[in-house]
Amino acid sequence: NTQDYISGIKFYYKPLKDLDINFGTAYQIKHNAFDFISINTQRNIKNTYWLPNINIRYKTVHASWSKDVRDPYSNIRTQTYNLNPTSTQLPSLNFDPVEIQNVSLRFNKFDQKIQFGFNLNYDYEDKSSAYRSWIVPNTGQYTGQSYQSGSKYRYSGSFYFRYNLKGSKNWQYYISSSPHAYTY
């Protein structure tokens, strides 16, 4: 059972003709109750979160930072699964909500002759899901279990460039490139 109580406020500010600023904050109370129906003990998690965000756009440049929370339900297993004679999945009960942050910077320029732009992203999660497994060599018995681990982050970036050489109504010659970089 999940209950979320969220209260927030957002402001829009336009100090210059080409500058837009949106900023806000939210306060979230998240209550997750796990009733494992006598298979395991009940578990109640009640946390509070401060969730700020800001978006700034100046002409064709856009920068943002945001914070959010998501539930960890995808890896929860309430009991041992051992119906397969060579494989056992152990219970995985201790998963907490995950705090997420995103930072982004984008730029685009388009005109008749040249188009280019870039996109940079940074994503951070304070907890991650992992999986451990082991095999008994002489029997081949496989055992696995999900668990909540430490933080994880992702960096990504892309660039787009296109230069129009010649063209008409029905055809066009151009040079373009679109490299991407990603690390996790």
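The figures follow:
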| quantity | calculated |
| --- | --- |
| Per residue value of the accessible surface for the stretch 68-114 (all protein chains in place, 1.4 Å probe), Å² | 62 |
| Accessible surface of Ile135 - all protein chains present, 1.4 Å probe, nearest 10 Å² | 110 |
| Charge dipole magnitude, Cβ of K and R +1, D and E -1 - the chain, Cα centre, debye nearest 20 | 840 |
| Listed pairs Lys17/Lys113; Lys46/Lys127; Lys67/Lys152; Lys17/Lys59; Lys10/Lys109; Lys109/Lys169 exceeding 19 Å between Cα atoms | Lys17/Lys113; Lys10/Lys109; Lys109/Lys169 |
| Radius ratio Rg over Rh of the stretch 67-160, counting only Cα atoms, Kirkwood formula for Rh | 1.26 |
| Solvent exposure of the stretch 1-59 as accessible area per residue, Å², 1.4 Å probe | 72 |
| Residue order for Arg154, Arg57, Arg106 - accessible surface, 1.4 angstrom probe, largest first | Arg57, Arg106, Arg154 |
| Whichever aspartates and glutamates have a C-alpha closer than 20 Å to that of Lys166, once near sequence neighbours (fewer than 8 apart) are set aside | Asp111 |
| In Å², nearest 10: area of Ser177 left accessible to a 1.4 Å probe | 60 |
| Rounded accessible area of His62 (nearest 10 Å², 1.4 Å probe) | 20 |
| Within-11-Å neighbourhood charge of Tyr153 [Cβ basis; K, R +1; D, E -1] | -1 |
| Counted charge near Phe95, where neighbours are those whose Cβ lies closer than 9 Å (Asp, Glu -1; Lys, Arg +1) | -1 |
| Accessible surface of the chain, 1.4 Å probe, proportion on carbon and sulfur as whole % | 54 |
| Neighbourhood charge, 9 Å Cβ-Cβ cut-off, centred on Leu19 and excluding it, Lys, Arg +1 and Asp, Glu -1 | +2 |
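The values are calculated or read from the model by the stated rules, or taken from the named source; none is laboratory data. Because the structure is a prediction, the values reported are computed rather than measured. Neighbour counts run over all protein chains shown; Cβ positions are idealised from the backbone, glycine included. All accessible areas refer to the heavy atoms of the entire protein, side chains included, with ligands and DNA or RNA removed. Shrake-Rupley method; radii C 1.70, N 1.55, O 1.52, S 1.80 Å.
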